[in-house]
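Peer 1: I have a structure here, written as structure tokens, and I will follow up with some questions on it.
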Amino acid sequence: MHKIDDKLAKVTARIHQAATAAGRDPQTVQLIAVSKTQPAAAIAAAYASGQRRFGENYLQEALEKQIALQHLPELEWHFIGPIQSNKTRAIAEHFSWVHSVDRLKIAQRLNDQRPAHLPPLNICVQVNIDDETTKSGVSLAELPALITAFAPLTRLALRGLMAIPAATGDPAQQRKAFAKLRSALQVLNLQGFKMDTLSMGMSGDLESAIAEGATFVRVGTDIFGTRA
């Protein structure tokens, strides 16, 4: 586990350098350590190095790790995977953020099932920025209608947009995709919405994402390595 602190430091340095190069305050970019398939011990090691935000894709696995790590204060759990209707209650009860909402039905269920004693659930709407048939997400054309439909969902805090663009090693193409998401957020905010979050960028493209305004980057392998 001692390697995790070194890898975490390298990722943090990349974020700092990318933000500085883009003329941004590095503090405006937050790291979500994607801990799916990793053991609780790996999360604890990253926590010991100062990491507090963790992203999970698989609900049952995440709940088990939350129980194992409940003694650690200030852990912030982000659900970043596809959401099935029968999983919404547990997600609403046990996470602070959900980055992968792309249907009104899911949003309504999360809203109705968010416990009253907890603050509103922070939500990012997932956008299929490149219209890939293999990926989840609402299209850019359908995005305004979905965002508007959030108005009565008072147990949700609509924070922004998330995307996973088509994989490419070309920084120009990476930035083009991320710019589309940034532009979509700007247009919605000009229409009166008050969203402040762009969840975009992973291990291979976080520099491009930060250059285009990412406020969350989601990094897994470059911190934890691959699961044996």
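Each row is one residue, and each column tells you yes or no for (1) free of Cβ contacts under 8 Å to residues at least 60 places away in the same chain; (2) over 17 Å from ASN122 (Cα atoms); (3) not hydroxyl-bearing (Ser, Thr, Tyr).
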site: ALA44; (1), (2), (3): yes, yes, yes
site: ASN57; (1), (2), (3): yes, no, yes
site: GLY81; (1), (2), (3): yes, no, yes
site: THR88; (1), (2), (3): yes, no, no
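Peer 1: Residues ASN122, ASN111: which one is over 18 Å from the mean Cα position of the chain (by Cα), surrounded by 15 or more Cβ atoms within 10 Å (Cβ to Cβ) and more than 15 Å from MET200 (Cβ to Cβ)? Quick ask: steps written out before the conclusion?
Peer 2: Working: ASN122 fails: over 18 Å from the mean Cα position of the chain (by Cα).
Going through ASN122, ASN111 in turn, just one is over 18 Å from the mean Cα position of the chain (by Cα), surrounded by 15 or more Cβ atoms within 10 Å (Cβ to Cβ) and more than 15 Å from MET200 (Cβ to Cβ): ASN111.
Peer 1: Inside the stretch 54-88, can you point out the residues that are buried (at least 19 other Cβ atoms within 10 Å of the Cβ), within 14 Å of the chain's Cα centre (by Cα) and outside any loop (DSSP other than H, G, I, E, B)?
Peer 2: PHE54, GLY55, GLU56, TRP77, HIS78, PHE79
Peer 1: May I ask you to list pairs of residues, at least six apart or on different chains, whose Cβ atoms are under 9 Å apart, with the first in the stretch 101-114 being under 10 Å from ARG155 (Cα atoms) and modelled with pLDDT of 95 or more and the second being of a type in the set (Gly, Ala, Ser) and surrounded by 15 or more Cβ atoms within 10 Å (Cβ to Cβ)?
Peer 2: These pairs meet every condition: LEU110/ALA92; ASN111/ALA92; ASP112/ALA92; GLN113/ALA90; GLN113/ALA92; ARG114/ALA92.
Peer 1: Just to be sure, is GLY201 without any contact (Cβ under 8 Å) to a residue 40 or more places away in the chain, outside any helix (DSSP H, G or I) and surrounded by 19 or more Cβ atoms within 10 Å (Cβ to Cβ)?
Peer 2: On the way: without any contact (Cβ under 8 Å) to a residue 40 or more places away in the chain: yes; outside any helix (DSSP H, G or I): yes; surrounded by 19 or more Cβ atoms within 10 Å (Cβ to Cβ): yes.
Taking the combined requirement at face value, the residue satisfies it.
Peer 1: Could you count how many residues in the stretch 166-182 are surrounded by fewer than 13 Cβ atoms within 10 Å (Cβ to Cβ) and in a loop (DSSP other than H, G, I, E, B)? I'd like the intermediate steps shown before the answer.
Peer 2: Taking the stretch 166-182 and keeping what is surrounded by fewer than 13 Cβ atoms within 10 Å (Cβ to Cβ), we get 167, 169-172.
Within this subset, residues satisfying the condition of being in a loop (DSSP other than H, G, I, E, B) are 167, 169-170.
Of the residues in that region, 3 qualify.
Peer 1: Hey, another quick one. Mind checking which residues of the stretch 213-223 are at pLDDT 95 or above and more than 13 Å from MET162 (Cα to Cα)?
Peer 2: Hits for the stretch 213-223 are VAL219, GLY220, ASP222, ILE223.
Peer 1: Can we say SER136 is touching a Ser or Thr at 6+ places or on another chain (Cβ under 7 Å), in a loop (DSSP other than H, G, I, E, B), within 26 Å of ASN189 (Cβ to Cβ) and not hydrophobic (A, V, I, L, M, F, W, C)? Break it down into steps so the answer makes sense when it comes.
Peer 2: Values: touching a Ser or Thr at 6+ places or on another chain (Cβ under 7 Å): yes; in a loop (DSSP other than H, G, I, E, B): yes; within 26 Å of ASN189 (Cβ to Cβ): yes; not hydrophobic (A, V, I, L, M, F, W, C): yes.
Taking the combined requirement at face value, the residue satisfies it.
Peer 1: Just one of the numbered conditions (1) in a helix (DSSP H, G or I); (2) in contact (Cβ under 8 Å) with a residue 12 or more places away in the chain; (3) of a type outside the set (Phe, Trp, Tyr); (4) surrounded by fewer than 18 Cβ atoms within 10 Å (Cβ to Cβ) is not true of LEU185; which one?
Peer 2: (4)
Peer 1: Filter the stretch 41-51 for residues that are surrounded by 16 or more Cβ atoms within 10 Å (Cβ to Cβ) and not polar (S, T, N, Q); which is nearest to ILE83 (Cα to Cα)?
Peer 2: Residues of the stretch 41-51 surrounded by 16 or more Cβ atoms within 10 Å (Cβ to Cβ): 42-47, 49, 51.
Filter once more, keeping what is not polar (S, T, N, Q): 42-47.
On the way: ALA42: 25, ILE43: 23, ALA44: 26, ALA45: 28, ALA46: 26, TYR47: 26 Å.
Checking each candidate, the answer is ILE43.
Peer 1: For the stretch 1-21, what are the residues that are of a type in the set (Gly, Ala, Ser) and either crowded, with 18+ Cβ neighbours inside 10 Å or within 20 Å of LEU75 (Cα to Cα) (or both)? Let's see the steps before the verdict.
Peer 2: Within the stretch 1-21, the subset of a type in the set (Gly, Ala, Ser) is 9, 13, 18-19, 21.
ALA9, ALA18, ALA19 - these are the residues of the stretch 1-21 that are of a type in the set (Gly, Ala, Ser) and either crowded, with 18+ Cβ neighbours inside 10 Å or within 20 Å of LEU75 (Cα to Cα) (or both).
The values are calculated or read from the model by the stated rules, or taken from the named source; none is laboratory data. Here the structure is a predicted model, which means the values were calculated and not measured. Don't worry about glycine lacking a Cβ; one is built from the backbone with ideal geometry, like all the others, and counts go over all protein chains shown.
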